[in-house]
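Everything on this sheet refers to the single structure shown next.
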Amino acid sequence: MSSSPPLPDLQKRHLVLGLTGGIACYKAAELTRELVRAGATVQVVMTEGAEHFITAATMQALSNRPVYTSQWDARPDNAMAHINLSREADAVIVAPASADFIAKLAQGRADDLLSLLCVARRIGECPLLVAPAMNREMWAHPATRRNVAQIVADGATMLGPATGDQACGEVGDGRMLEAVELRDAVIAFFQPKLLAGRSVLVTAGPTYEAIDPVRGITNLSSGKMGFAIARAAAEAGASVTLVAGPVALATPMGVTRIDVRSAREMHDAVLPLAPSRDVFVATAAVADWRPVDAATQKIKKAAGQGAPALALVENPDILATVAALPKRPYCVGFAAESHEVEAHARAKLERKNVPLIVGNLGPATFGQDHNALLLVDAGGTRALPADDKLTLARQLVAEIAQRLCANP
Ligand code: C5P
């Protein structure tokens, strides 16, 4: 599960959160908190069905706003809650969306406040995000399939569903996404789609080079920068594959992850994929050397024999290998330095023959949530000042997108 975003990504966003009848209403309580924590104001609207699963009082307390449940609500001066609510909103999110509610949306029916405001919203200004939650047979039913296809054709964005255990005891497609996943999906929805239609390959984390079955050589890279880049690229609309060394970080939403351990495994995972990708970002702190032969059994300490000699051999340079491919993606390398970041980054630009190197102070950023980047390319140097890694990753993705457009 990913942690709360460090910056209020939804600041100034006003969201209508619509709840329809389903047991997943309990997750809508948590979702409200997550959206509010991420900076949004949340106006909850509940159908009668939703009120059987969770109370308006709970949702009011969490959203800090009175909840709307009826189109006949007398509070608005103009008695037009459906117009007012949809005009104020930057998006309407229906979570959970029942099979019945999706059928209503598909038909454009408007016999309760939530369906009414969905039809009344200005389609071009107030997008509709739908998070289905239902039994797997209901989700698989041809009528639901038709209705989902119809609302997508009408411009709705589907968030999920997920696969897994269902409240009814069955297992399959139809679970509502978890609150933090929905929060991240909403945040991603509002990011500019600078890499739409592009494919991005990212390496992240350290590698681990075995000495014997219980010991090995690794480094302090946490993988956070690479994971943030994978997330930012996915938010920007790219299809993203993340080749990750041994780290315990959650996979960003929508990212395909391949776990590896050693530099050679990382090399073998990257090379077949690289020629078909538009962009390769080598964030991983790949071990430069590995023991010549990993012992198959634990090396035992023997009295009087001293330390065993450790013969090392160089690992393949993944970035340089990809950069030398006849059909190579746009390659971005990282330079984690302890001093003279710019000079080292510029030297690496030439040595690795890549169009962009991102310099950073390795010891200062390993394991941290913050970083500062120095973008070095043939055109000059640009500093991205200290910020959290996701913010920097989004800026880097924007810089990469700009360079892709300039050199298609
Ligand atoms: O050679 P050096 O480690 O200084 O360069 C760092 C850059 O090269 C990073 O982008 C890193 O991911 C990449 N690299 C690699 N394979 C290696 C060593 C580094 O892809 N064996």
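We did not get these values from a lab; they are worked out from the coordinates using the rules stated. These numbers come from a predicted model, not from an experiment. For neighbour counting, all protein chains shown are included, and Cβ atoms are generated from backbone atoms with ideal geometry for every residue, glycine included.
What the table below lists for this structure:
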quantity: Overall form of the range 1-101 per C-alpha gyration tensor (a/c, 1.5; a/b vs b/c); calculated: oblate
quantity: Mean Cβ neighbour count within 10 Å, used as a protection proxy, ranking 48-60, 79-91 highest first; calculated: 79-91, 48-60
quantity: Exposure proxy order (Cβ contacts within 10 Å, fewest to most) of D9, D278, D154; calculated: D154, D278, D9
quantity: Beta bridges by DSSP in the range 223-354, antiparallel share as percent, to the nearest 5; calculated: 25
quantity: For peptides 287-299, 184-196, 368-380, sequence by mean Cβ density within 10 Å, most packed first; calculated: 184-196, 368-380, 287-299
quantity: In Hz, Karplus ³J(HN,Hα) per residue of the range 202-218 (6.51, -1.76, 1.60; θ = phi - 60°; x = Gly, Pro); calculated: 10, 9, 8, x, x, 10, 10, 10, 5, 9, 8, x, 10, 10, x, 10, 9
quantity: The range 322-387: relative contact order as a whole-number percent, Cα under 8 Å and 6+ apart; calculated: 27
quantity: The chain, relative contact order [Cα under 8 Å, separation at least 6], %; calculated: 11
quantity: Surrounding net charge for A89, when Lys and Arg each add one and Asp and Glu each subtract one, Cβ distance under 14 Å; calculated: +3
quantity: Ordering of 129-141, 160-172 by burial proxy (mean other Cβ atoms within 10 Å per residue, highest first); calculated: 129-141, 160-172
quantity: Electrostatic dipole magnitude of the chain [Cβ: Lys, Arg +1; Asp, Glu -1; Cα centre; debye, to 20]; calculated: 580
quantity: Rounded if a/c under 1.5, otherwise prolate or oblate - the chain, Cα gyration tensor axes; calculated: prolate
quantity: Of all DSSP beta bridges in the chain, antiparallel share, percent nearest 5; calculated: 35
quantity: Other-chain or far-sequence residues with amide H under 5 Å of Y330's (modelled H); calculated: V279, F280
quantity: For the range 14-190, share of DSSP beta bridges that run antiparallel, in % to the nearest 5; calculated: 20
quantity: Residues whose placed amide H lies under 5 Å from that of M46, excluding near-sequence neighbours; calculated: L19, Y68, T69
quantity: Net charge dipole size for the range 14-190 [Lys, Arg +1 and Asp, Glu -1 on Cβ; Debye, nearest 20]; calculated: 220
quantity: Relative contact order [Cα under 8 Å, 6+ residues apart], the range 236-392, whole percent; calculated: 15
quantity: Straight-distance crosslink candidates among lysines, where the alpha carbon sits under 29 Å from K352 and sequence neighbours closer than 8 are dropped; calculated: K224, K327, K389
